[in-house]
Amino acid sequence: MLTNRVILKTPDGDLEERVFDASVVSIGKDDGCDIVIRGWSIGKRHAEIRFTPEGARIVSQNTLMGVGINGERVKEYGPLLSKDEIQLGNYSLYVIPAADGAPTTRPPGDGGGGRTRAGAPPPSRA
């Protein structure tokens, strides 16, 4: 089965890589989300990344602060390229679809200034 990767850049510049086999990845501050991020500007279920044969799409879940792609606010955007920066509050995400396949722990265009924690497990859902 093909796996899709999401690289999360925290407000501190730390990088976390997550790997998913699911076709839909939820993002928000609710502990039930696949990617849990915190902050006043993050909704409980802020956005979803949907992986389809046509490519990955980011879909806002109609939160107050919304979703940005490369500096532009969007409700839905895709197909995502690995160089596209998804902005959710003070966080950035980069989607590496399974077809791209090249291993990386740095977002595209990052000169390596952030600290890397490749393969960090998702937060506990206890």
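Cross-link reach is defined here as a Cα-Cα straight distance under 20 Å, omitting same-chain residues fewer than 8 places apart; for residue 83 the lysines meeting it are 9, 75. Indicate the gyration tensor shape class of the stretch 1-68 (rounded, prolate or oblate), computed on the Cα atoms with a ≥ b ≥ c the square roots of the eigenvalues: a/c under 1.5 is rounded; otherwise a/b larger than b/c is prolate and the rest oblate. It is oblate, given that a/c is not under 1.5 and a/b is not larger than b/c.
Using +1 on the beta carbon of Lys and Arg, -1 on that of Asp and Glu, and nothing else charged, what's the dipole of the stretch 26-65 about the Cα centre, debye to 20? Intermediate values should be presented prior to the final figure.
Numbers: 6 positive and 5 negative charges, 27 e Å.
So the magnitude is around 120 debye.
With 0.36 nm allotted per residue and the present C-alpha distance subtracted, the residue 65-residue 31 stretch has 10.3 nm of extension available.
Where a number appears in this text, it was derived from the coordinates with a stated rule and is not lab data. All values derive from a computational prediction rather than experimental measurement. Here Cβ is always computed from backbone atoms with ideal geometry, including for glycine, and neighbour counts include all displayed protein chains.
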